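The values are calculated or read from the model by the stated rules, or taken from the named source; none is laboratory data. Just so it is clear, the model here is predicted, and its values are computed rather than measured. All Cβ positions, even for glycine, are placed from backbone atoms using ideal geometry, and neighbour counts span all protein chains on display.
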Amino acid sequence: MRTPHSLKAALAVGALLLTAACGSSAGSGSASSGLNPPDLKAQSKLGENEGQVNLIAWAGYVEDGSDDPKVDWVSGFEKQTGCQVKTKTAASSDEMVSLMKTGQYDAVSASGDASLRLIASGDAAPVNTGLIPNYKDVFTGLKNQAWNTVKGVNYGVPHGRGANLLMYNTEKVKPAPTSWSAVFDKSSAYKGKVTAYDSPIYIADAALYLMKTKPSLGIKNPYALDQKQFDAAVDLLKEQNKNIGEYWSDYLKEISAFKSGNSVVGTTWQVIANTAQSEGAKVKAVIPKEGATGWSDTWMVSAKAKHPNCAYQWLNWIISPKVNAEVAEYYGEAPSNAKACKLTADKSLCATYHASDESYWKNVHYWTTPIQQCVDGRTDVTCVPYVKWVQAWTEIKG
């Protein structure tokens, strides 16, 4: 699935549509222990830079000044390393996975739905974080996680993170909602004005709600659903569909819908809430009592990289304090490097995005690829894989 975009990035590349992503829950890399990826070895030392690096990235992640002369974290990298950057902007995680299989690219900014697929297929190489000096300053809560670490082996470096929040119109939705029941069990109260994220990964939002409200289902991880659990989440979303006014994929349209009153409650990102408020919308966004889903992107190195040394240089550069601060601010997310918080132009950015508040992130279940090997550790059942999530999403929307 695709990751969030800040308003600035969206304006720079046009109103891009978001694509289907996938998720995982908060927790350690042990959750993906059911995977048995190919026995690949991480690079043991850095060699001479090859003079070029070919990247696959979400729009807004590898800015070179061509969209905005003031937004450029490529030129400094090229000058410092001698590695010339060539970037392919991808529109979806599926596209990223396909492109990585060609062997023409050295690194990718993979979302949680793509990362485990790349690891399982052997398209992503283990990463030696000892060769990436800035990795030591990455927030502890982003290290060794289920979407980029398998059996203690790292497959990349965290780029940033964000939560999927509940946004509501403060004048139309009263009392102020504290639960996802506002968009599930009580959605009929706002019939036609409920909005939801248009992606198969949204099934995890329903699973998270059921995990907290129907413990008899035994859901422990919203991305590890056996058939009974999966069917319950799908049924809940089919009921919700009757009250949905719009599934949003272009978040500029979501802002417009909340401003006009066509939407009054639904899922959102912090950057959307901030922008809507700045444009006069009477909205607030919260993490409900059940918690929330969320995302963290990972820069991964191709197992077929022709320029692995430049790829490692890029991974170190993109999470360096100054550059990570610039990317996070431009894109609209919490940075991954703890030292970045002192370097943002907006000194309140890290507080707004809860960058260093690990207690906040404990309630966020990060996107991770749903696979047949249940990522919650169960071995007595088979979980529903991502391809089935995609099929079900089509049925849910009718």
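Things worth noting here:
- Number of positions in region 298-356 that are among the acidic types (Asp, Glu), under 22 Å from Ser75 (Cα atoms) and at pLDDT below 95: 1
- Some residue of region 362-369 being crowded, with 22+ Cβ neighbours inside 10 Å, more than 25 Å from Lys151 (Cα to Cα) and not assigned by TED's automatic domain parsing to the domain that holds Pro38: no
- Scanning region 378-398 for residues being surrounded by fewer than 12 Cβ atoms within 10 Å (Cβ to Cβ) and touching a residue at least 24 places away in the same chain (Cβ under 8 Å) gives a total of 3.
- Subset of region 129-150 [assigned to a helix (DSSP H, G or I) and either buried (at least 21 other Cβ atoms within 10 Å of the Cβ) or not basic (Lys, Arg) (or both)]: Thr129, Gly130, Leu131, Pro133, Asn134, Tyr135, Asp137, Thr140, Gly141, Leu142
- Residue in region 151-172 that is surrounded by 17 or more Cβ atoms within 10 Å (Cβ to Cβ), among the basic types (Lys, Arg) and either out of contact with any strand residue (DSSP E or B) (no Cβ under 9 Å at 6 or more places or on another chain) or not in a loop (DSSP other than H, G, I, E, B) (or both) present: yes
- Remark: Ala232 matches the filter, which requires a residue to be in the same structural domain as Leu210 (by TED's automatic domain parsing), part of a helix (DSSP H, G or I) and either at pLDDT 95 or above or crowded, with 18+ Cβ neighbours inside 10 Å (or both).
- Of the helices (runs of 4 or more DSSP H) contained entirely in region 292-398, those carrying at least 2 residues that are within 27 Å of Ile132 (Cβ to Cβ) fall at 308-318, 321-331, 349-352, 358-361.
- The condition of being β-branched (Val, Ile, Thr), in a helix (DSSP H, G or I) and in contact with a Gly (Cβ under 9 Å, 6 or more places away or on another chain) holds for only one of Ile255, Ile272, that being Ile272.
- On the stretch given as region 120-141, residues that are modelled with pLDDT under 95 and aliphatic (A, V, I, L, M) total 1.
- Restricting attention to region 337-355, the residues being over 22 Å from Ala285 (Cβ atoms) and among the small types (Gly, Ala, Ser) number 3.
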